[in-house]
Amino acid sequence: MIYLDHNATTHMHPSSRRLVDELLLRPMNPSAIHKIGREGKSVIEKARRQLAELLGVRDNMRDYRITFTASGTEASNIVIQNFRDGEIFAANFEHSSISKPTEELGNVNIVDVCSNGLIDLEDLERKLSLSTTGRKLVSLMIANNETGIIQPVKEAAKIARKYGAMIHSDAVQGVGKIPIDFIGLDVDFITVSGHKFGGGTGAGALIFRDEIHMKPIIYGGGQERSLRSGTENVLAIAAMGEAAARCKADLAERAKQMRQIRDYLEVKLLEKMPNTKIVGQEIDRIPNTTLILNSGKDAETLVISLDLKGFAISSGSACSSGKVGESATLRSMGYSLEEMKSAIRVSVSYNTTIREIDKFLQAFGEINK
Ligand code: PLP
């Protein structure tokens, strides 16, 4: 199988795998007082430092807090639930881990999106200026999971500050692909997810300014300074920490490799199939993502046909059930239903080879006649 679906999840990094292997046989509950328990505690504290290093808060660990969760979804839900009595400002292209809980709370003010896929900052400012709510949150993802388009989070943070709003950024698709500097972005909260950058599934984290008082959404034994009760997933947290350290060391090289492969794919694709379109090609994107519009064709059929030929890609608008729906991201950019239904996403890793891309293009061409 040639795997080209790295935005959905990616392989565990070999160093994380080695670490998991090593820890697997030890019954470590970090809350236990005995030696094995204390070892577990030191494993998760090391992971916290590694993540802090990657996100640029290692030297200020007193001012910033990292809370481990089971997923990116959970980390974002903690933030959203803490603004249940406020007003949330977000675009339609946010991941369902933001859009669903805000929909459920009924307190979201939808911010317009420009046709190039970027949030409309003027609309954000206008909506914030009209808001009479005291407690406001802007939630803006670093990069979109479907298109890869990078959002102007720093500029949005500036506007948020002007109107006394806090700002959260879902950095799940950014980590391991572009540098993420929490302090430089001037945000209050960031969400990350281990399985998107080589840590395997089962751990995510919420990073936030420590002065912000946060209420838990899960109550119990008081782990993670009472913000996230439940015995910590030591293996997944350790694997995420190790993956963060590897990202920190190799980010520039990885990004270069991903970009070369992705650009090769796009050039060859447009040469071979001039009827296809690539979303956001003129705008800054994370270096591994290509969203292809293939008008007149049905994405679901393409994904299944490619699967049968041994290629893993996803439809651009696949929701968690894997079914093709209407992509809120593409809708917000003004694409037609026909275009949305034809969208397929190819997301490469730094390990993807030119040979794999050539094979993919050949198979895609054969199916797409
Ligand atoms: N945010 C974005 C942008 C994502 O792409 C995803 C996963 O696809 C998530 C959040 C959810 O992360 P997790 O799978 O860790 O819940």
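None of the figures in this text is laboratory data; all of them are computed from the coordinates on show. Just so we're clear, the structure is a prediction, and the values are computed from it rather than from any experiment. We place every Cβ from the backbone using ideal geometry, glycine too, and count neighbours over all the protein chains shown.
Observations on the model:
- Positive minus negative residues near Arg126 (Lys, Arg vs Asp, Glu; Cβ under 10 Å): -4
- Extending 7 Å from Cα along the Cβ direction at Asp120 and again at Asp250 yields two label points whose distance is 4.2 nm.
- R0 of 25 Å, Cβ-Cβ distance His11-Ile354: FRET efficiency to nearest 0.05: 0.85
- Residues listed by number, the range 330-355, amide nitrogen under 14 Å from Asp112 label point at 7 Å toward C-beta: 332-334
- The per residue volume of the convex hull around the alpha-carbon atoms of the range 110-179 is 86 Å³.
- Amide hydrogen neighbours beyond the local backbone of Lys136, cut-off 5 Å, H modeled: Glu87, Met166
- Whole-Å semi-axes of the chain's equivalent ellipsoid (Cα gyration tensor): 33, 27, 17
- Along its three principal directions, the equivalent ellipsoid of the range 94-230 from the Cα gyration tensor extends over semi-axes of 24, 20, 14 Å, largest first.
- Kyte-Doolittle at least -0.5, axis length at least 24 Å by Cα - qualifying DSSP helices, the chain: 234-272
- Lys100-His213 FRET efficiency (beta carbon distance; Förster radius 22 Å; 0.05 resolution): 0.35
- The distance separating the Cα centre of the range 156-182 from that of the range 26-48 comes to 32 Å.
- Farthest towards the positive end of the charge dipole of the chain, among the residues Ala8, Gly202, Ile292, is the Cα of Gly202, using unit charges on the Cβ of Lys, Arg, Asp and Glu.
- Potential extension, Gln281-Lys268 segment - 0.36 nm per residue separation minus Cα distance: 3.3 nm
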